[in-house]
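Down below is the structure, laid out as structure tokens.
Derivation of every value follows stated rules applied to the coordinates shown; laboratory data play no part. Remember, it's a predicted structure, so these values are computed and weren't measured experimentally. So basically every Cβ, Gly included, is an ideal-geometry build from the backbone, and we count neighbours across all protein chains shown.
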Amino acid sequence: MAIPVIDFSKLDGEERAKTLAQIAHCCEEWGFFQLINHGINDELLEKVKKVASECYKLEREANFKKSKPVQLLNEVVEKKSDQKIENVDWEDVFLLSDEKDDQWPIGHQILLISMNTMTQYRSEIKNLAIKAMEIMDENLGLPRGYINRSFNGGDKNPSPAFFGTKVSPYPPCPRPENINGLRAHTDAGGVVLLFQDDEVKGLQILKDGSWVDVQPVRNAVGDQIEVLSNGRYKSVWHRVLAMADGNRRLIASFYNPSYEATIEPDEGLLVDERVEKEGYERTEYEEIRWSRESIIDTKRSPRTASSKWWRVDDVDLA
């Protein structure tokens, strides 16, 4: 299945209208796409790949080998069982945010230096998230900056949006059939930009009731865009498979609404009355979203086929 590819640089030229239409079509009909020529320097992205791998090898790997997922999988192996472990993920995780970046390990001098690389990367990816939101503004017929202002609390209750980066190595798994890399879910945030491994597969999305492999990707539209867009853009169900071969890397950056923000669609998007004009505070909306996920059978629910994803690749594709 071919993945749509959008050349972001064409938004600045004669093909702007065509490119906007392609993006709108992908968001509303296809659900996700690869975004190339997005302006983030390839040299920086190569450094990010390197420092993320070094961080896991030098600071995280030893502890992962003693972690709960490894212990539970070892028990399954010892029992010679075919049990599928559902309550944990075969994933190492640490978070960087604007408010708190001290989860980046600095036990080695090389990692202390590499923190500068991650700071630069997060600045670039945050700017790309804002550009992506402005494109969505335009395609939805909203004033430029509408989504970003909404995420920052709006004019009545201004408060900074949350921007965090989750670094997730997925080590080789001896029994990938018995555990998930990352359990199926939709994202509760706003715009999620994914910088994923370009060598080891594993990311999948749910489309037309079937799980589909996703090639290198980096961007997604989350649930709260669904409210702002009055259901035109929806968050896609996705998961990561545990893999027997290769160390997989996924770096997800989340541009999420402030905890003080009220999320609601603009009046101009209420023509078809897909949702009522009712705002949700971020925490309230997340509670609704998690309740919804807990009762949805992803194998049966046809509405997940229309879930929407933005994806960004770091290399040109033929």
**Message:** Checking the a/c ratio against 1.5 first, then a/b against b/c, what shape does the Cα gyration tensor give for region 156-204?
**Reply:** prolate
**Asked** What ranking do 168-177, 10-19, 114-123 get when scored by the average of other Cβ atoms within 10 Å per residue, highest first?
**Response** 168-177, 114-123, 10-19
**Request:** Under 1.5 on a/c is rounded, so check that first for region 2-82, then, if it is not, pick prolate when a/b is larger than b/c and oblate when it is not; a ≥ b ≥ c are the square roots of the alpha carbon gyration tensor eigenvalues.
**Result:** oblate
**Prompt:** What net charge do the residues around S81 carry, taking every other residue with its C-beta under 14 Å from that of S81, with Lys and Arg at +1 and Asp and Glu at -1?
**Reply:** -1
